[in-house]
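**Q** Once you've had a glance at the structure underneath, I'll fire off some questions.
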Amino acid sequence: MSKNAISNSVIRRLPRYYRFLGELEKKGCVRISSRELSEKMGLTASQIRQDLNCFGGFGQQGYGYNVKELRGVIGNILGVKMNTPTILLGAGNLGKAIATIDFCKRGFNLIGIFDVNPELTGKTIGNLEIRNTTELESFCEEYKPIAAVLCIPKASAPETAERLISYGIRAFWNFSHYDLSITHNNVIVENVHLGDSLLTLSYGLNSLEYDSEE
Ligand code: NAI
């Protein structure tokens with residue numbers, strides 16, 4: 001089955017499968033049944049079978065899934081070997097934390113960090129020096145980054161994104177509190193709001209309390 005035929009909700013679950021299978025592989029697990037995987041992941045076995053069937057008959061009756069093979073297929077679909085050149089904008093509290101994520105393991109190669117604040121120029125995060133945004137255009141011309149991580153204030157996000165698109169950026173991992181919805185062809189956006197995740201937790205707690213009052 002082609003990548004395009006996989007539904008969005010399955011795609012959203014793939015990183016979690018990939019992570020769990022990686023942990024199993026590290027522990028030396030060679031194969032796993034959909035029942036065992038479902039117990040570990042908190043999904044139903046039939047959901048797992050349905051999801052993984054999308055990638056073509058991996059599970060075998062009485063055998064389960066070959067952990068390494070399945071992880072390899074999911075990794076290829078996710079593009080973990082793409083090594084996409086990536087830059088990060090905004091070297092503040094959030095940017096510093098995000099820059100320490102292992103990008104390489106997830107298909108990205110962080111090659112540059114930029115900030116408008118000249119006082120940050122030359123300071124380092126990991127093994128990368130913070131550059132001033134005045135260098136952005138020439139850097140993009142030379143190193144041709146494809147993805148950008150936005151850890152900048154909401155107000156700067158739309159204009160910065162447009163500028164970056166004109167420099168060749170085609171993918172945004174957007175943490176600014178501005179929901180980018182880019183209309184350019186071939187530009188993709190992943191908006192991330194940790195606050196939304198916290199609200200989901202709050203909803204869970206609220207429902208528990210609501211249930212116990214009944
Ligand atoms: P911060 O104030 O510590 O850092 C922001 C940095 O961005 C500063 O160093 C500033 O000089 C730089 N900057 C401003 N405009 C820029 C531009 N056009 N290009 C490059 N650099 C620029 O703020 P913090 O805590 O790091 O948060 C950054 C943004 O992320 C804020 O807008 C905040 O609301 C948002 N945020 C989003 C979260 C999420 O889950 N999506 C979580 C936490 C913060």
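The values are calculated or read from the model by the stated rules, or taken from the named source; none is laboratory data. No experiment lies behind these values; they were computed from the predicted model shown. Note that we place each Cβ from the backbone using ideal geometry, even for glycine, and neighbour counts take in every protein chain shown.
**Q** Just checking, which of 128, 89 is in the same structural domain as residue 175 (by TED's automatic domain parsing), within 14 Å of the ligand (Cβ to nearest atom) and either among the hydrophobic types (A, V, I, L, M, F, W, C) or surrounded by 14 or more Cβ atoms within 10 Å (Cβ to Cβ) (or both)?
**A** Residue meeting the stated conditions: 89.
**Q** Looking at the stretch 166-187 only, could you name the residues that are away from the ligand (no atom under 14 Å from the Cβ) and not polar (S, T, N, Q)?
**A** Of everything in the stretch 166-187, those that are away from the ligand (no atom under 14 Å from the Cβ) and not polar (S, T, N, Q) turn out to be 168, 170, 171, 182, 184, 187.
**Q** Among the residues of the stretch 144-154, what is the count of those that are near the ligand (Cβ under 8 Å from one of its atoms) and either on the phi > 0 side of the Ramachandran plot or in a helix (DSSP H, G or I) (or both)?
**A** Total satisfying the criteria: 1.
**Q** Continuing with this model, one more query. Hey, residue 190 hits all of (1) within 8 Å of the ligand (Cβ to nearest atom); (2) surrounded by 11 or more Cβ atoms within 10 Å (Cβ to Cβ) but one; which does it fall short on?
**A** Against the list (1) within 8 Å of the ligand (Cβ to nearest atom); (2) surrounded by 11 or more Cβ atoms within 10 Å (Cβ to Cβ), residue 190 comes up short only on (1).
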